[in-house]
Amino acid sequence: MTPFEFIILFFSFIYTLALTHLLFAWTRMIRHRRQVTFSWPHFLWMLVALGNLSVNWISMWDFRSEGSLALATIASGFLLVIVNYFVCALVSPDFEGGETYDMKRFHACEGPTYIGAMLALVVVSIAENFFAGADLDVQNWSNENVLVSAFLVPPVLALLIKREWMQLLAPAALLAGAVAYAMIYYPVLLA
């Protein structure tokens, strides 16, 4: 087993748990659809969490050819995986915990928390892209900061401007950015 295989296996468990939060919340919303008060902003932020989880997991492929992985590299990757997990867990309502099915209220109360976690994810991603490009010679990652740096603006604006149009525009922009990111940097996985 290579160092990459060993580490990606562990990271994949965490990514899977994060995805499970999203899928479980969506199934509960579908099951209780008659009681759910739908919220477009919340739904879009859930899609953003899914999109970022997907592209961050795919980006780990770039480490497949590394013969060895330094502890600092593993720790920084672990940080990225943990923040991804928090974004997915925080955007997913826990209906069994007494929360209502009012997603508009959930977004109003919990939105700053999961939007803040998304902002933290972007900051961690920018730092990791920089160091991966500089220290590990994973040039693709340092080049990605051109696009990833633009991802700072939507969550900051969503935290500062509470108007509904901004609560729709910010996650829509991040979702479009995640799709663009995947299409530009990972249109196919090469061996």
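Pick from region 169-190 the residues that are aliphatic (A, V, I, L, M) and surrounded by 15 or more Cβ atoms within 10 Å (Cβ to Cβ): which of them is modelled with the lowest pLDDT?
Ala182
Which residues, counting only those in region 7-64, are polar (S, T, N, Q), touching a helix residue (DSSP H, G or I) at 6+ places or on another chain (Cβ under 8 Å) and in a loop (DSSP other than H, G, I, E, B)?
Matches in region 7-64: Ser39 only.
Go through region 86-109 and report how many residues are among the charged types (D, E, K, R) and open to solvent by less than 60 Å² (accessible area, probe 1.4 Å).
Filtering region 86-109 down to residues among the charged types (D, E, K, R) leaves 94, 96, 99, 102, 104-105.
Among the residues that remain, those that are also open to solvent by less than 60 Å² (accessible area, probe 1.4 Å) are: 102.
Matching residues across region 86-109 total 1.
Which of the residues spanning region 148-168 are modelled with pLDDT under 95 and open to solvent by less than 40 Å² (accessible area, probe 1.4 Å)?
Answer for region 148-168, where residues must be modelled with pLDDT under 95 and open to solvent by less than 40 Å² (accessible area, probe 1.4 Å): just Val148.
Just to be sure I understand, how many residues within region 40-85 are open to solvent by 40 Å² or more (accessible area, probe 1.4 Å), under 23 Å from Leu169 (Cα atoms) and either polar (S, T, N, Q) or over 12 Å from the mean Cα position of the chain (by Cα) (or both)?
The total comes to 3.
Would you please list the contacts, defined by Cβ atoms under 9 Å and residues six or more apart or on different chains, that run from a residue in region 62-90 that is among the hydroxyl-bearing types (Ser, Thr, Tyr) to a residue that is open to solvent by 70 Å² or more (accessible area, probe 1.4 Å)?
That search, which allows pairs on different chains as well, returns Thr73/Phe131; Thr73/Asp135; Ser76/Phe131; Tyr85/Leu17.
Can Thr27 be described as β-branched (Val, Ile, Thr) and touching a Phe, Trp or Tyr at 6+ places or on another chain (Cβ under 8 Å)?
no
Restricting attention to region 91-105, which residues are without any contact (Cβ under 8 Å) to a residue 24 or more places away in the chain and in a helix (DSSP H, G or I)?
Glu96, Gly97
What do you reckon, is Val81 within 23 Å of Ala108 (Cα to Cα), aliphatic (A, V, I, L, M) and assigned to a helix (DSSP H, G or I)? Before the answer, list the steps.
Details: within 23 Å of Ala108 (Cα to Cα): no; aliphatic (A, V, I, L, M): yes; assigned to a helix (DSSP H, G or I): yes.
Answer is no for this residue.
Phe24 fails exactly one of the following numbered conditions: (1) in contact with a Lys or Arg (Cβ under 7 Å, 6 or more places away or on another chain); (2) open to solvent by 50 Å² or more (accessible area, probe 1.4 Å). What is the number of that condition?
Answer for Phe24: the failing condition is (1).
Can you spot a residue in region 169-179 that is outside any helix (DSSP H, G or I) and more than 23 Å from Tyr15 (Cβ to Cβ)?
Step one: of region 169-179, the residues outside any helix (DSSP H, G or I) are none.
For region 169-179, residues outside any helix (DSSP H, G or I) and more than 23 Å from Tyr15 (Cβ to Cβ): absent.
State whether the residues of region 125-148 include one that is free of Cβ contacts under 8 Å to residues at least 60 places away in the same chain, under 26 Å from Gln35 (Cβ atoms) and among the aliphatic types (A, V, I, L, M).
Checked against the condition, which is being free of Cβ contacts under 8 Å to residues at least 60 places away in the same chain, under 26 Å from Gln35 (Cβ atoms) and among the aliphatic types (A, V, I, L, M), region 125-148 yields no hits at all.
The values are calculated or read from the model by the stated rules, or taken from the named source; none is laboratory data. Keep in mind that what you see is a predicted model, and the values were worked out from it rather than measured. A quick note on method: Cβ atoms are made from the backbone with ideal geometry, for glycine too, and the neighbour counts reach across all protein chains shown. Heads up: the accessible areas ignore ligands, DNA and RNA and are worked out on the full protein's heavy atoms, side chains in. Shrake-Rupley method; radii C 1.70, N 1.55, O 1.52, S 1.80 Å.
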